[in-house]
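Engineer: Quick one: the structure is below, and I'll ask about it shortly.
Every read-out reported here was derived from the displayed coordinates using simple, explicitly stated rules and does not represent laboratory data. Worth saying up front: this structure is predicted, and the values here are computed from it rather than measured. Methodologically, a virtual Cβ is constructed for each residue, glycine included, from the backbone with ideal geometry; neighbour enumeration extends over all protein chains shown.
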Amino acid sequence: MLHGPRKGKRVLRIDLTHADTEPQEFDERPVVPPAAGGEDVVSVAPVELSGRVERAGRGYLLEGRVAGSARLRCGRCLAEFDFSFAEPIELHLLPLAAAPQDDETRLGRHELEVRYYAEPSVDLVELAAEQFALVVPMKPLCAEECRGFCARCGANLNLGACSCPPQSTDVRFAPLAGWRPDE
Ligand SMILES: [Zn+2]
Ligand SMILES: [Zn+2]
């Protein structure tokens, strides 16, 4: 690195070699783009990213916490709602030279939160974006019991029942409700 941590300057990249002598602590608020969490993210506050990096085996161990809040769009009724998160992070960082050669082993390692690095550094903006992507639900719901829209008339069922006749309970074909073959 060209320069180390300085007072008053935000250091958003950790030089891992600094942890060779003593654990390095970090506590930052990286700004990540809403799209990092997927298309249902309307906005996201700066992500709180804190923890420490220490030397471990052939590489480093990063332990910490990711927390923050975002505004999401409900996958059923499209209403926006606030979403808060706070999750622990534990990453084992190993030099690329230590990576297993066959893909199967590599996939297995990934599940154990092992990351391989070409350069001994961690970009905290990238880490914040990646961790944010992990905490945002695949299909955000404003409430577990959100009723969404009626597949027939499009009414928002959270506002009350529509006047459609009761439907069969088989929802497997619901996604096809508005589908018509091309003529
Ligand atoms: Zn909803
Ligand atoms: Zn209806």
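Engineer: Looking only at the stretch 56-85, how many residues end up being among the aromatic types (Phe, Trp, Tyr) and within 16 Å of ligand 1 (Cβ to nearest atom)? Explain how you work it out, then say what you get.
Structural biologist: Our first condition is that a residue be among the aromatic types (Phe, Trp, Tyr); within the stretch 56-85, this holds for 60, 81, 83, 85.
Pick out the ones that are also within 16 Å of ligand 1 (Cβ to nearest atom) and you get 81, 83.
Of the residues in the stretch 56-85, 2 are among the aromatic types (Phe, Trp, Tyr) and within 16 Å of ligand 1 (Cβ to nearest atom).
Engineer: Can you name every one of the strands (runs of 3 or more DSSP E) wholly within the stretch 5-100 that holds 2 or more residues which are touching a Gly at 6+ places or on another chain (Cβ under 6 Å) and over 29 Å from GLU144 (Cβ atoms)?
Structural biologist: Details: elements: 13-15, 24-28, 41-44, 48-56, 59-73, 80-95.
It comes to 48-56, 59-73, 80-95.
Engineer: Shifting gears a bit: Restricted to the stretch 113-151, and to residues that are surrounded by 14 or more Cβ atoms within 10 Å (Cβ to Cβ) and over 21 Å from the mean Cα position of the chain (by Cα), which residue is farthest from ligand 2 (Cβ to nearest atom)?
Structural biologist: So in the stretch 113-151, the residues surrounded by 14 or more Cβ atoms within 10 Å (Cβ to Cβ) come out as 114-117, 120-133, 135-136, 140-142, 146-151.
When the remaining residues are screened for being over 21 Å from the mean Cα position of the chain (by Cα), the result is 120, 146-151.
Numbers: PRO120: 59, CYS146: 16, ARG147: 11, GLY148: 11, PHE149: 8, CYS150: 3, ALA151: 8 Å.
Step by step, filter the stretch 113-151, then rank; the result is PRO120.
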